[in-house]
1. Need one number: nm distance between label points at I135 and R238, each 7 Å from Cα along Cα→Cβ, rounded to one decimal.
2. Restricting attention to region 106-179, which trypsin sites (Lys or Arg not before Pro) occupy a DSSP loop and are surrounded by at most 12 other Cβ atoms within 10 Å?
3. Please compute the contact order of region 6-243 in relative form: average sequence separation of alpha-carbon pairs under 8 Å and at least six residues apart, divided by the residue count, as a percent.
4. Label points 7 Å out from Cα along the Cβ direction at A57 and R177: separation in nm?
5. Ranking T178, T74 by Cβ neighbours within 10 Å, fewest first, what do you get?
6. Could you give me D for region 1-138, from Stokes-Einstein at 4 °C and 1.567 mPa s, where the hydrodynamic radius is the Kirkwood radius over C-alpha pairs? Units µm² s⁻¹, please.
7. So how strong a dipole does the chain carry about its Cα centre when Lys and Arg Cβ are +1 and Asp and Glu Cβ are -1, to the nearest 20 debye?
8. Of D50, D173, D62, how do they rank once you tally other Cβ atoms within 10 Å and put the fewest first?
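Taken together, the values in this text are just the output of simple stated rules run on the coordinates, not laboratory data. All of these numbers come straight from a predicted model, not from anything done at the bench. Glycine gets a Cβ as well: all are built from the backbone with ideal geometry, and neighbour counts include every protein chain shown.
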Amino acid sequence: MTSPPMASLRYSVVVPVYNEGANVGAFCRKARAVLPEGYELLICYDFDEDDTLPALAALAEDEKPPVVRLVRNTLGPGVRYAIEAGIRAAVAPVIVVMMADLSDDFPRVAEMVARAERGADVVCASRYMPGGRQIGGPWLKKNLSRLAGLTLHWFTGLATRDPTNSFKAYRRDFLRRTVIESQTGFCLGLELTVKAHFGGGRVEEVPACWYDRACGQSRFRLAQWLPHYLHWYFWAFRRRWLTW
């Protein structure tokens, strides 16, 4: 893969993968067509047999973004550590986390990056603000995330209605000074958002659509990860109570 010209990069796109061979080609083509210029794409994987890797290698150069890097996750198994491996490897001042299954709203990246460049520590793509939308997906998961987001917004002052969405832009300097304590799943997105808010940082949101995956199998494990989401949900309420 190509090496990034560090000085010219505006943002890094971190994409954790687990056998996303059926999706990575479409993701790369859409990224090349829609995302604003000046980014590197980091494909973060756990094991060499992941079918994402040969599918990516089979793409023609004009189907891929100009700068693509493979990041082998050696921090620990699973998506939580794959995302952190990408964060550590990223070189641009803004880091965007996206999923390879095409669920995220690509046209929103431009505004998310611009807001982070203007000083927002975390910019959340929000399904639950005016203009946002969720298309498909499990009913229980959707309504639990909506309830969590709205109650945190109303009762703790969190400046987003969708903190559990993993599709976010972060300032790299914020990530460098913030310890990630979550140990599994996508919970680090919620953790980083509430830590930014209660640490005096800026959290912003933009409306976005989320689309259920068309190919491949989701690795989301609601029953397994729910206690970890609840930990950060109640952490935020405790911090709010202490400020009162």
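1. 4.1 nm
2. Values: sites: R108, R115, R118, R127, R133, K141, K142, R146, R161, K168, R171, R172, R176, R177; in loops: R118, R127, R161, R177.
Taking region 106-179 and a limit of 12 other Cβ atoms within 10 Å, the loop trypsin sites (Lys or Arg not before Pro) found are R118, R177.
3. Details: 467 pairs, mean separation 54.6, N = 238.
Over region 6-243, the number comes to 23 percent.
4. 4.2 nm
5. Ascending number of Cβ neighbours within 10 Å: T74, T178.
6. Rounded, D is 84 µm²/s.
7. So the magnitude is around 960 debye.
8. The fewest-first ordering by Cβ neighbours comes to D62, D173, D50.
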